[in-house]
There are 2 protein chains.
Amino acid sequence: MRFLVIGGDAAGMSAASRAKRNLPDLDVTVLEQTGDVSYSACGMPYNIAVPERVMDDLVVRKAEVFRSKQGIDLRLGRKAVAIDVHSRKVIHVGKDGDSEETYYDRLLVATGARPVIPDIPGVSLPGVLALKSLDDGRALKEYIAGNNVRKAIIIGMGYIGLEMAEALHARGIRVEMIKPSKRFIPYLPPEMSDVVSSELTEKGIVLHFGGEIEAIEKTSEGLTLKTSLGPLDCNMVLVSVGVAPNSEIARDANISLGPNSAIAVDKRLRTSNPNIFAAGDCADAFHVVTGKRVWIPLALRANRAGWAVADNLTGDNVELPGIAGSAVFKALDMQVARTGLSLDEALKEGFDAVDEVIKSRSRAHAHQGNQTIHVQLIADRKTRKLLGAAMVGREGCAHRINSVAVALHAGMKVDEFFQTDMAYAPPFSPVWDPLLTAANQLLKKL
Amino acid sequence: MRFLVIGGDAAGMSAASRAKRNLPDLDVTVLEQTGDVSYSACGMPYNIAVPERVMDDLVVRKAEVFRSKQGIDLRLGRKAVAIDVHSRKVIHVGKDGDSEETYYDRLLVATGARPVIPDIPGVSLPGVLALKSLDDGRALKEYIAGNNVRKAIIIGMGYIGLEMAEALHARGIRVEMIKPSKRFIPYLPPEMSDVVSSELTEKGIVLHFGGEIEAIEKTSEGLTLKTSLGPLDCNMVLVSVGVAPNSEIARDANISLGPNSAIAVDKRLRTSNPNIFAAGDCADAFHVVTGKRVWIPLALRANRAGWAVADNLTGDNVELPGIAGSAVFKALDMQVARTGLSLDEALKEGFDAVDEVIKSRSRAHAHQGNQTIHVQLIADRKTRKLLGAAMVGREGCAHRINSVAVALHAGMKVDEFFQTDMAYAPPFSPVWDPLLTAANQLLKKL
């Protein structure tokens with residue numbers, strides 16, 4: 001039996017490796033369009049921040065290891081272009097256009113996502129870059145090294161944009177960011193979003209809100225962005241306005257799509273075609289709070305879904321309960337973490353949602369090094385259940401958010417969460433953890 | 001109606017303040033034997049570490065504020081010596097031996113705990129100190145300042161002893177620690193306990209295991225400990241072998257005691273006497289994993305219990321579900337965190353307990369500043385439920401442990417915990433959080 005995998009990143013290689021471990025006789029073939037597999041894409045900004053580091057530091061396991069040690073037929077530089085579901089074949093092409101077909105008994109579509117490139121005149125000019133693959137990272141690093149980049153403009157203010165702002169800032173590059181909306185981090189309450197934007201602007205990163213990009217043009221000095229706010233000169237442009245699922249190959253094979261045109265999968269990661277699974281950034285998931293399909297492409301889910309595909313393929317029956325959308329990122333010295341629904345999302349989903357935003361401290365009263373922590377907790381008045389949370393602060397947010405994630409998975413009421421016994425010591429927390437203080441305040445509104 | 005409180009620390013003052021807020025006309029009287037109320041006792045080691053800081057930095061709210069702003073009749077320097085449950089009076093004495101009686105309608109016993117002072121010849125010598133009250137902290141700090149302390153011996157290796165080892169070490173004092181047992185941190189698996197002891201010994205703190213103290217004697221140079229391992233010279237001895245509940249006043253009033261002779265309370269914090277509550281370090285609690293009474297005196301529970309007493313007194317019906325025993329402390333640069341049952345405790349409680357100890361990383365693959373994190377997860381084979389966890393590492397343990405605490409409160413199975421959606425970003429975690437990796441490994445043993 002052949003298990004064919006399209007895409008050799010987190011979901012694809014997790015599935016391939018685990019399937020081979022589960023069933024060593026299985027024929028496992030992976031088609032990967034780039035030359036890289038199994039790398040930490042999320043680590044790229046931190047690698048780019050340090051000129052001396054090479055992108056290959058981010059490779060977790062080399063292609064040769066998958067081949068020789070694990071017996072996976074890993075085919076690099078092969079781009080899958082079509083799935084023939086009737087004859088169970090994937091048609092794929094090489095760099096020089098040569099086409100080939102590979103038969104499958106079971107197929108995993110793990111094609112990931114791609115950066116959205118807006119349709120702006122000049123978006124293909126040299127020096128206008130995006131960041132998704134390791135090759136993108138290499139190109140970006142080479143461009144910085146070779147072009148004396150002193151000023152960069154980032155289009156978009158999502159978490160990759162913000163991580164890259166930190167990376168470029170660390171390299172002494174002046175960074176400006178621009179987006180059409182007036183809201184900085186739209187899922188945060190304004191006072192918490194402001195904390196993060198202040199951190200950036202105080203450290204010299206310029207934020208332009210409400211700016212539409214009309215064109216990018218080459219100048220004698222570098223590049224200029226024509227925007228509704230006026231022209232912005234720079235040496236480099238990073239386009240970071242979001243990602244879209246690479247689901248076209250599935251759609252063209254009549255496989256059902258879900259929200260954001262991601263590939264719809266059930267809890268066992270099966271698509272609408274009985275022989276085809278999908279996993280990773282190209283596929284959707286069920287949200288543990290709403291029970292509905294949602295597309296939130298994140299690394300942990302990709303890895304987890306890859307494993308579940310392998311287990312289901314080799315005889316287990318693994319159902320993934322779903323995701324809470326837990327995420328964290330660093331913007332300079334600020335940690336931004338969230339899980340579950342934002343207040344807007346909760347209201348849109350029809351919950352009788354109410355939130356509380358509190359300011360607490362990262363350490364005990366009078367402990368040196370104390371920092372402010374902002375917490376938003378969101379709950380449903382009708383059921384008193386927690387719906388989501390967000391945290392912002394210089395320390396103590398990244399891991400705390402997981403307590404709320406666990407509570408969301410357990411369907412906890414705010415009352416129950418408030419009674420949980422959290423660890424306290426002066427260097428790490430006030431006696432009442434900021435999350436408990438937020439829960440206590442939120443209870444008064446329920 | 002008079003609400004009388006014995007003890008003006010965390011539980012007592014939380015109850016007094018909240019009762020007065022709930023019911024402004026209530027007569028709230030507090031008897032406190034020392035001159036201090038409402039201070040962060042846990043902050044003392046960190047205050048002692050810095051010569052310039054004064055102990056009063058740790059006072060959260062001054063006595064005058066409780067009196068003038070909150071209308072609490074706060075009586076300092078009054079030591080309660082007996083409860084007359086028939087005439088509902090508490091007999092208390094002042095510093096000069098003057099005795100007085102105060103009537104109560106409802107009484108809260110919040111007498112806290114005291115350091116256990118072993119019966120060793122010489123234990124009352126000057127320079128042999130213990131740490132519990134703010135006055136103890138002042139005495140210790142004054143002793144260090146006035147006696148050119150170059151070497152201290154700490155008897156005991158509990159968390160207060162370890163925090164004090166760090167504090168004294170930070171002041172350039174040579175620290176040796178001694179205990180009769182051969183095990184360093186008994187609730188940790190040996191490999192995790194060893195990580196912490198190595199941290200201490202590498203930084204110059206000497207640990208003596210299996211050493212019985214026979215006597216403490218004054219020498220011309222300072223003090224000497226006669227021990228079963230030979231004599232140990234020093235300038236100061238800190239006795240830190242544990243604490244005992246101040247429950248005698250309750251016992252003498254025929255109030256029922258629970259484990260470790262702590263005052264037995266129900267989930268509403270009521271003692272066996274219908275007019276008397278108990279809260280804080282003198283009282284017991286129900287353990288959320290076993291459902292049984294347990295005595296684990298910690299600050300969060302004291303505060304929470306104080307509030308619950310006030311609410312129940314003024315008409316609410318608040319039941320505290322219980323504690324998980326979540327705790328964290330810092331030993332030099334090492335974080336040690338735990339929640340729930342240890343493996344030994346779980347086996348003693350009759351669970352079909354099994355544990356897994358894993359080594360993971362605090363940050364993503366190839367991220368700079370990465371540290372090792374050790375995780376122990378414990379579960380019951382029969383129900384597959386989580387029973388407890390412990391973590392050791394230089395970063396990322398203190399807040400992570402709370403995710404397990406929430407899972408214990410929710411009665412989660414390891415399978416469910418493994419599926420929780422935790423936040424990932426390279427500076428904060430591997431893609432698979434160390435807790436998830438531990439859960440995955442533990443599942444293989446169930």
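A:Asp311 passes every criterion in (1) in contact with a strand residue (DSSP E or B) (Cβ under 6 Å, 6 or more places away or on another chain); (2) open to solvent by less than 30 Å² (accessible area, probe 1.4 Å) apart from (1). Residues in segment A:228-246 that are polar (S, T, N, Q) and crowded, with 17+ Cβ neighbours inside 10 Å: A:Asn235, A:Ser240, A:Asn246. In the condition set (1) surrounded by fewer than 19 Cβ atoms within 10 Å (Cβ to Cβ); (2) on the phi < 0 side of the Ramachandran plot; (3) outside any helix (DSSP H, G or I), B:Gly172 is compliant with all but (2).
Hey, could you check segment B:379-406 for residues that are in contact (Cβ under 8 Å) with a residue 40 or more places away in the chain and of a type in the set (Val, Ile, Thr) and say which is nearest to B:Lys330 (Cα to Cα)?
So the residue we want is B:Val392.
The residues of segment B:417-446 that are open to solvent by 10 Å² or more (accessible area, probe 1.4 Å), in a helix (DSSP H, G or I) and out of contact with any helix residue (DSSP H, G or I) (no Cβ under 7 Å at 6 or more places or on another chain), listed by number, are B:Thr437, B:Gln441. Does B:Pro430 satisfy the condition of being touching a residue at least 40 places away in the same chain (Cβ under 8 Å) and within 7 Å of another protein chain (Cβ to nearest Cβ)? Judged against the criteria, B:Pro430 is not a match. Every condition in (1) surrounded by 20 or more Cβ atoms within 10 Å (Cβ to Cβ); (2) within 26 Å of the chain's Cα centre (by Cα) is met by B:Phe209 except one, and the failing one is (1).
Among (1) at the interface with chain B (Cβ under 9 Å from one of its Cβ atoms); (2) touching a residue at least 40 places away in the same chain (Cβ under 8 Å); (3) under 28 Å from A:Gly12 (Cα atoms); (4) crowded, with 21+ Cβ neighbours inside 10 Å, there is one condition A:Leu300 misses while meeting the rest; what is its number? Only one criterion is unmet by A:Leu300, namely (2).
On the stretch given as segment A:175-206, residues that are under 17 Å from A:Pro231 (Cα atoms), open to solvent by 40 Å² or more (accessible area, probe 1.4 Å) and in contact with a strand residue (DSSP E or B) (Cβ under 7 Å, 6 or more places away or on another chain) total 1.
If you check B:Gly315, B:Gly350, which single one turns out to be at pLDDT below 95 and farther than 14 Å from B:Val288 by Cβ? Explain how you work it out, then say what you get.
Numbers: B:Gly350 fails: at pLDDT below 95.
Answer to the check: B:Gly315.
Within segment B:212-227, the only residue that satisfies the criterion of being open to solvent by 40 Å² or more (accessible area, probe 1.4 Å) and small (Gly, Ala, Ser) is B:Ser220. When segment B:267-281 is filtered for residues that are out of contact with any Phe, Trp or Tyr (no Cβ under 7 Å at 6 or more places or on another chain) and either among the acidic types (Asp, Glu) or on the phi > 0 side of the Ramachandran plot (or both), the ones remaining, listed by number, are B:Gly280, B:Asp281.
Just to verify a result, which residue in segment B:39-58, among those that are open to solvent by less than 20 Å² (accessible area, probe 1.4 Å) and more than 10 Å from chain A (Cβ to nearest Cβ), is modelled with the lowest pLDDT?
So in segment B:39-58, the residues open to solvent by less than 20 Å² (accessible area, probe 1.4 Å) come out as B:40, B:43-45, B:47-48, B:55, B:58.
Narrowing further to those that are more than 10 Å from chain A (Cβ to nearest Cβ): B:48, B:55.
Numbers: B:Ile48: 95, B:Met55: 90.
In this case the residue turns out to be B:Met55.
The sole residue among A:Arg67, A:Arg106, A:Arg61, A:Arg114 that is open to solvent by 60 Å² or more (accessible area, probe 1.4 Å), touching a residue at least 60 places away in the same chain (Cβ under 8 Å), farther than 22 Å from A:Val243 by Cβ and charged (D, E, K, R) is A:Arg106. Here the condition is being open to solvent by 60 Å² or more (accessible area, probe 1.4 Å) and touching a residue at least 12 places away in the same chain (Cβ under 8 Å); of A:Arg150, A:Arg138, A:Arg78, it holds for A:Arg150 alone. Tallying residues that are more than 7 Å from chain B (Cβ to nearest Cβ) and in a loop (DSSP other than H, G, I, E, B) within segment A:399-416 yields 1.
Which pairs turn up if I take residues in segment A:335-354 that are closer than 23 Å to A:Glu166 by Cβ and within 14 Å of chain B (Cβ to nearest Cβ) and look for partners that are of a type in the set (D, E, K, R) and crowded, with 16+ Cβ neighbours inside 10 Å with beta carbon separation below 9 Å, at least 6 apart in sequence or on another chain? Correct list of pairs: A:Gln335/A:Arg394; A:Gln335/A:Glu395; A:Val336/A:Lys330; A:Ala337/A:Arg400; A:Thr339/B:Asp421.
Of all residues being away from chain B (no Cβ under 14 Å) and in contact with a Gly (Cβ under 8 Å, 6 or more places away or on another chain) in segment A:355-375, which is nearest to A:Cys397 (Cα to Cα)? Just the residue, please.
Looking only at segment A:355-375, we keep the residues that are away from chain B (no Cβ under 14 Å), and these are A:355-359, A:372, A:374.
Now narrow it down to the ones that are in contact with a Gly (Cβ under 8 Å, 6 or more places away or on another chain): A:372, A:374.
Values: A:Thr372: 11, A:His374: 9 Å.
This residue is A:His374.
How many residues does segment B:247-283 contain that are of a type in the set (D, E, K, R), away from chain A (no Cβ under 14 Å) and either closer than 25 Å to B:Gly315 by Cβ or surrounded by 23 or more Cβ atoms within 10 Å (Cβ to Cβ) (or both)?
Filtering segment B:247-283 down to residues of a type in the set (D, E, K, R) leaves B:248, B:251-252, B:266-268, B:270, B:281.
Filter once more, keeping what is away from chain A (no Cβ under 14 Å): B:248, B:251-252, B:266, B:270.
Going one step further and asking which of them are either closer than 25 Å to B:Gly315 by Cβ or surrounded by 23 or more Cβ atoms within 10 Å (Cβ to Cβ) (or both), we end up with B:266, B:270.
Residues flagged as of a type in the set (D, E, K, R), away from chain A (no Cβ under 14 Å) and either closer than 25 Å to B:Gly315 by Cβ or surrounded by 23 or more Cβ atoms within 10 Å (Cβ to Cβ) (or both) within segment B:247-283 amount to 2.
What about A:Ala353, is it open to solvent by less than 10 Å² (accessible area, probe 1.4 Å) and not polar (S, T, N, Q)?
Working: open to solvent by less than 10 Å² (accessible area, probe 1.4 Å): no; not polar (S, T, N, Q): yes.
Here the answer is no, as A:Ala353 does not meet what is asked.
Scanning segment B:15-37 for residues that are surrounded by 23 or more Cβ atoms within 10 Å (Cβ to Cβ) and either on the phi > 0 side of the Ramachandran plot or at pLDDT below 95 (or both) yields a count of 1.
Are any of the residues in segment B:319-326 away from chain A (no Cβ under 13 Å) and aliphatic (A, V, I, L, M)?
Within segment B:319-326, the first condition is being away from chain A (no Cβ under 13 Å), and the residues that meet it are none.
No, segment B:319-326 contains no residue that is away from chain A (no Cβ under 13 Å) and aliphatic (A, V, I, L, M).
Would you mind stating whether A:Val123 is closer than 30 Å to B:His367 by Cα and among the hydrophobic types (A, V, I, L, M, F, W, C)?
Values: closer than 30 Å to B:His367 by Cα: no; among the hydrophobic types (A, V, I, L, M, F, W, C): yes.
Spelling it out, it is not the case that A:Val123 is closer than 30 Å to B:His367 by Cα and among the hydrophobic types (A, V, I, L, M, F, W, C).
The values are calculated or read from the model by the stated rules, or taken from the named source; none is laboratory data. Since the model is a prediction, treat every value here as computed from it, not as a measurement. Cβ coordinates were reconstructed from backbone atoms using ideal geometry, including for glycine residues, and neighbour counts include every protein chain displayed. Accessible surface areas use protein heavy atoms only, side chains included; no ligands, DNA or RNA. Shrake-Rupley method; radii C 1.70, N 1.55, O 1.52, S 1.80 Å.
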